[in-house]
1. I want to confirm something. Restricting to the stretch 13-60 and keeping residues that are of a type in the set (S, T, N, Q) and open to solvent by less than 100 Å² (accessible area, probe 1.4 Å), which single residue is farthest from Lys3 (Cα to Cα)?
2. Identify, from the list Ser32, Ser5, Ser36, the residue that is at pLDDT below 80, of a type in the set (Gly, Ala, Ser) and in a helix (DSSP H, G or I).
3. Do we have any residue at all in the stretch 9-23 that's at pLDDT below 85 and hydrophobic (A, V, I, L, M, F, W, C)?
Amino acid sequence: MEKVSKWLKSKSFLKLIMISVAVLAPIFYSLSFIKSVWNPYAGAKNLPIAVVIKIKLSNITERL
């Protein structure tokens, strides 16, 4: 038990934590980014769609 408490207080444990965070943080970030853009059209079938058609009618007499 004494060896464990000394190791936890030592600088090697701190270095191990810092290296672990430096390696794992980019991995978790990249995984979350890849998951967000993996299939962007997956939820597109549930989106409501509105179609607007603008037709401008003109008279033939206006052009003469």
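The values are calculated or read from the model by the stated rules, or taken from the named source; none is laboratory data. As the structure is a prediction and not an experimental result, all values here were calculated from the model. Just so you know, the surface numbers come from the protein's heavy atoms only, side chains and all, with ligands and any DNA or RNA stripped out. Shrake-Rupley method; radii C 1.70, N 1.55, O 1.52, S 1.80 Å.
1. Pass one, the stretch 13-60, residues of a type in the set (S, T, N, Q): 20, 30, 32, 36, 39, 46, 58-59.
Subset that is open to solvent by less than 100 Å² (accessible area, probe 1.4 Å): 20, 30, 32, 36, 39, 58-59.
Details: Ser20: 22, Ser30: 37, Ser32: 38, Ser36: 44, Asn39: 50, Ser58: 92, Asn59: 96 Å.
Within the stretch 13-60, the match that is farthest from Lys3 (Cα to Cα) is Asn59.
2. Answer to the selection: Ser5.
3. There is at least one residue in the stretch 9-23 that is at pLDDT below 85 and hydrophobic (A, V, I, L, M, F, W, C).
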